[in-house]
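Encoded as C-alpha cells, the structure appears first; notes follow it.
Each value in this text was obtained by applying a stated rule to the coordinates, not by laboratory testing. Not measured: the values here are computed from a predicted model. Backbone-built Cβ (ideal geometry, glycine too); neighbour counts: all protein chains shown.
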Amino acid sequence: MAQLDQFTFFRGRVAEAAILKALGIGRGDEVAIQAFTCVAVPEGVIAAGAQPVYVDIAANRLTMDPADLERKLTPATRAIVVQHSFGLPTDMAGIARVAAARGLPIIEDCAHAVGSTVGGRDVGSLGVAAFYSFEASKPVFVGIGGSAQVNDAALAERVRRDYGAYGQPPLATQAQVLVMYAAHRIAYRPATFWQVRALFRRVSGLGLIPGSYNKVETDLAPAEDFRRSLGNLQRRLLPGAIARLASDIPHRRWVAAQYRTRLTAPGLEHLAHDADADPVYGRYPMLANNKDDILRRAPEFRVEVASWYATAVHPLEGPALAAVGYVEGSCPRAEAVTSRIISLPTSALVTEPLIERTVRLLGAP
Ligand SMILES: *Cc1c(COP(=O)(O)O)cnc(C)c1O
C-alpha cells in the first residue's frame, strides 16, 4: 500500500516543493513535468525556486512520453516529476531508462492514483519520492491537504530536518477548510455536482472558502502556503480517509469495469494502458468527439462529467501559460487531447442508477 501519511503538508504542491528542496533543487535548475496537468504541479516547482520544463504526453496516453522527455532534457535538468493521470500509471520503465542515463531522480505525482500498480508494485514506491493531494475529488479527502512519501532514507532525513520549520495554517483557515469539508461530505453527490459546484463557486467568490486555483491569472499561491504543514483539524480526518480506501478501491475497480464495458458508443474512446500497469482510476477518463455537447447536456442527465484538463496547464490560458513557463505549441499531443478529454466519477457515491444515466448521456452503441 502507498504510504499516505509520512510527511503531511498544507497541500500536495507544498509536498512536491518540499521534496524538490530536500533534493537541493532551486534557482537555475529545471524540473521536467508533463503538459496536460494542473497549475499545482508547476507551482510546486516554481515555489522551490526552479523552472518547470514541459514534456508532451505519449501517443494514446495521458502520461509522460519518454522520447519527448529525452528531447527536453538540458544540462540544467535536475529531476523528473511523472504524473499518473486519473490513476493511469506512467510508462515507468521508459522514464527510468532516460532518467538513469543522466542519474536524475524521479518523483511521482500520485494525486489521482492511490492503489494503482506497475508490475505488481504500488505507484508512489517507484521513484525517490511521491506526493499526494487530499482535496475534494482526490481519492483521499480531508478538505485541503497533501503529503510526501519519501522512499530514499537519506532524502527522508533531509525532508524530516526541513519539516521542523513548517508551521500550522492559521486556525481560521483550518476551521474554514473543515466547514468546506463538512459541507462537501453532506451536500456532494455525483447527481448534485453541478448545483453544489455553482454554490461553492458563489461562496468562494465571497472569500469565505479558499479556492483551489487562487488567482492564478495574476499570482501564484502565496509563498507562506509553502511553509505550512497539514492543519491539525484536517490531520484528524486522515486516518479515517485512509481506512476508507480498503472499500473504495474495489468499488472504483467495479465502476471502471462498468464504464469500460457499457460505454461503447461511436465517437467515444477508452484509454489504453501498458500491459504491466493495473490502474485504480481516481476518475475514469475517456476521449469524446463531442465533448462540448456532452458537457452541455450533463446537468440535465444529473451526471457528473469533468472537462479537465481543458488546457495544457489547467486552467491557465494565453499569457498565464507563459507565466508558468509553458510555450504554446511545445506539447502538441497534450494540447490536442484537451478538446476531447472527459472524465467520470468512480468514487463510493457512484451507484448503478448513476451509471445508467451516464450510459444514456454518452449514448449506447
Ligand atoms: C490536485 C493535484 C495536485 C496537488 O493539488 P493541491 O491542491 O496542491 O493539493 C497535484 N497534481 C495533480 C495532478 C493534481 O490533480
At what distance in nm do the modelled label points of Ala154 and Asp293 sit from each other, each positioned 7 Å from its Cα along Cα→Cβ?
5.8
Calculate how many DSSP beta bridges within region 28-163 are antiparallel, expressed in % of all such bridges and rounded to the nearest 5.
35
Of the residues Ala58, Ala165, Ala348, which exhibits the maximal mean-square fluctuation in a Gaussian network model of the chain defined by a 10 Å Cα contact cut-off?
Ala165
Starting from the 7 Å offset along Cα-to-Cβ, what nm value, one decimal, do you get for the label separation of Ala275 and His251?
3.5
So, relative contact order of the chain in percent, Cα under 8 Å, 6 or more apart, is 22
Projected onto the charge dipole of region 220-302 (+1 at Lys/Arg Cβ, -1 at Asp/Glu Cβ, origin at the Cα centre), which of Asn290, Val255, Ala275 gives the Cα projection farthest towards the positive end?
Val255
Listed residues Gly325, Gly44, Gly231, most fluctuating in the chain (Gaussian network, C-alpha, under 10 Å):
Gly325
With label points built 7 Å along Cα→Cβ from the Cα atoms of Ala67 and Ser339, find their separation and express it in nm.
2.3
Output wanted: per-residue J couplings in Hz (rounded whole) for region 17-26, from phi through Karplus 6.51 cos²θ - 1.76 cosθ + 1.60, θ = phi - 60°, x for Gly and Pro.
4, 5, 5, 4, 5, 5, 7, x, 8, x
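Express the relative contact order of region 54-186 as a whole percentage, based on alpha carbon pairs under 8 Å and six or more residues apart in sequence.
Values: 194 pairs, mean separation 20.0, N = 133.
Computed value for region 54-186: 15 percent relative contact order.
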Taking θ = phi - 60°, what integer Hz values does the Karplus form 6.51 cos²θ - 1.76 cosθ + 1.60 yield along region 137-153, in sequence order, with x for Gly and Pro?
6, 9, x, 10, 10, 10, x, 9, x, x, 8, 10, 10, 10, 9, 10, 4
Show me the ranking of peptides 73-85, 10-22, 169-181 by mean Cβ neighbours inside 10 Å, starting with the highest.
10-22, 73-85, 169-181
Could you give me the ³J(HN,Hα) list for region 244-254, computed from phi with Karplus coefficients 6.51, -1.76, 1.60 and θ = phi - 60°, whole Hz, x at Gly and Pro?
5, 4, 4, 9, 5, 5, x, 5, 4, 5, 5
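Any chance you could count the Lys pairs in the chain whose alpha carbons are under 26 Å apart, treating pairs 8 or more apart or on different chains as valid? Provide the component values of the computation, followed by the final result.
Working: Lys21/Lys72; Lys21/Lys138; Lys21/Lys215; Lys138/Lys215; Lys138/Lys291.
Number of lysine pairs found: 5.
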Any chance you could get the radius of gyration and Dmax over the Cα atoms of region 118-175, in Å?
14.2, 44
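Taking neighbour Cβ counts within 10 Å as the exposure measure, how do Val203, Val41 sort from fewest upward? Before the final figure, lay out the partial values.
On the way: Val203 15, Val41 26.
Least crowded to most crowded, the residues run Val203, Val41.
For the chain, what is the charge dipole size about the Cα centre, in debye to the nearest 20, if Lys and Arg each add +1 at the Cβ and Asp and Glu each add -1 at the Cβ?
On the way: 39 positive and 35 negative charges, 190 e Å.
I would put it at about 920 debye.
Given just the C-alpha atoms of the chain, how large is their convex hull per residue in cubic angstrom?
On the way: hull volume 46.6 nm³, N = 365.
Dividing the Cα hull volume of the chain by its residue count gives 128 Å³.
Kindly identify region 1-155 as rounded, prolate or oblate by the Cα gyration tensor criterion: order the square roots of the eigenvalues as a ≥ b ≥ c, call it rounded if a/c is under 1.5, otherwise compare a/b with b/c, prolate if a/b is larger, else oblate. It would help to have the intermediate numbers written out before the result.
Numbers: a/c = 1.44, a/b = 1.18, b/c = 1.22.
Judged from the Cα gyration tensor, region 1-155 comes out rounded (a/c under 1.5).
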Going by a ≥ b ≥ c, the root eigenvalues of the Cα gyration tensor, does region 1-82 fall in the rounded group (a/c under 1.5), the prolate group (a/b larger than b/c) or the oblate group?
oblate
